[in-house]
1. Using the beta-carbon distance between LYS70 and ARG179 and R0 = 45 Å, what value does 1/(1 + (r/R0)^6) give for FRET efficiency, to the nearest 0.05?
2. Simple spin-label model, 7 Å along Cα-to-Cβ: THR84 to ILE217 in nm?
3. What does the extension gain come out to for GLU61 and GLN255, with contour length at 0.36 nm per residue minus their alpha carbon separation?
4. So between SER311 and SER229, what do we pick up on full extension, going 0.36 nm a residue minus the alpha carbon distance?
5. Cα-based count: Lys pairs in segment 16-164 below 19 Å, eight or more positions apart or different chains?
6. Cut-off 12 Å, label point 7 angstrom out along Cα-to-Cβ of SER140: give me the residues of segment 98-133 whose amide nitrogen falls inside.
7. Report the label-to-label distance for GLN278 and GLN166 in nanometres (one decimal), using points 7 Å from each Cα along the Cα→Cβ vector.
8. If packing is taken as the average number of other Cβ atoms within 10 Å across a peptide's residues, how do 153-165, 252-264 rank, most packed first?
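We did not get these values from a lab; they are worked out from the coordinates using the rules stated. Given the structure is predicted, the values throughout are model-derived calculations rather than measurements. Virtual Cβ from ideal backbone geometry, glycine too; neighbours counted across all protein chains shown.
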Amino acid sequence: LNLDEKEVVLGWLNPKFSDAQFHIFPHAVAALAAGTNCTLDGVVLVAGTIAMALSYSESGEEIRVGGFMKEPGSSYTIGNECLTSAIKSFDGRGAKTNLLEQILSHLNLETGEDLTEWANSDPSTSSISSLSEICFLCDSKGDEVASKIISDAAKHLVSTTMIVAQKCGWIKGDKNEEREIIVVLDGEIATHKRTISYLVNIFKKNLPQVKCVVPEIDPHLGSAFLALSLVNLSKEREEIEKIVNEANLHLPRLQQAVGDVDEVIEALNFQALVSAAQIRLVIDNQVQFLEARMIELINELNQKHKKQLKSLQSQKIELEKIISDLSIQTTSSIQKLENLNFEELNETQNLLSEILQKASVTKFN
C-alpha cells in the first residue's frame, strides 16, 4: 500500500477501534516475520503474481526492489515467455519444445494458428500467468526451453535479492560479510520445488552464506506474531510460541501417523488387488468351464445332426429310387398309349377308305 492507501485504511479502522494501535505492512513483511521469528533480519523474496525482494536496514528503513506484476520472475512473465516460445517453436523461429503441445492441450486448442489467434485476442493476465505451471511441468521432464525460462527467472530473482542485501550493507563490493543471510521464500513461484532447486544452486555459486527458508507457519500467523512483538506482549507471544513448539513436537508423530495410514492404505490397496486377482481367477475358471461345456454340447449336437443327416440321406436315396421307378413306368405307359392310338387311327383310316371306295363304285354304276 502507498501512503494515501494507508491513510484510507487507517481512516476506516481508527474510528472503529479507537484504543487500538495499527501498523500497516505489505504481505511480504508478514512472510518475512513468519520466516525469521519476527526479527525481520533477512530478505523476503516474493515470486508469484508479482516478483520482489524486501528487507529492512539497521535504521529500520524499508528496502524494496521490484514489486510489479510483469517483473521478471513473476508468474505472468514466466507464462508469457512460455507462450512466446511455443509460438516461435510453431512458426520455426525458435527451438522445438513440448511447451507448444502442453499449452494447446491446456487451452483446448488444436493448432499453432489457434494459439497465435488466442494470443492476439488480449487474454487476461490470470490466463497467461496460469501457463507458468506448464513451464514447471515441461522443465521437470527435461524440456530445454522450459528449463531455460525457469533458470533465467531464478537468476533474476537472485539478482534482485542480492541488490537488497547489498543495500542493507551485507554485501560490500567483492567482500561479503561473514554472516548468514536468511532469504525467506514466498509465493507460488518462489516456493515451487523446481524454483527452490535453481535458487539454492545459484546462491551457492554467488552468495554461499545465503540460507533459503520456506516458512513453517503461514504468513498470516507471522503477522499476528509481528503485531505481538510490536506491542511488547512478550508473555502472550511466549504462550503462542509454546503452542507452536508443542505443535512442532507433535509434528513427527503426526507425520508417522500419516505414514502409518499410508502403509495401511497401501496394504489395503494390495489386498484389494489380490482379491481382484482372485475374483478374476474364479471368473476365468468359470468362463473356461462354460466354454468347455459349450464345446461339448456343440459336439453332441453335431453327432445327433450327423445321425439325422445320414438317415435323411438314406431316405433321400429311397425316394429318388421310387421317383426313378415311377418315371420309367410313366414313360412306358405313355408310349403304350401313343402306340395304341396310332394303330386305331390306321384301322379307322383304312375302314373309311374302303367305305369311300365302295361309295364311289356304287355311284359310278
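1. Efficiency, rounded to the nearest 0.05: 0.85.
2. 4.1 nm
3. 65.8 nm
4. Between SER311 and SER229, full extension yields 18.6 nm more.
5. Lysine pairs satisfying the spacing and distance rule in segment 16-164 number 6.
6. Within reach of a label on SER140: 133.
7. 7.0 nm
8. 153-165, 252-264
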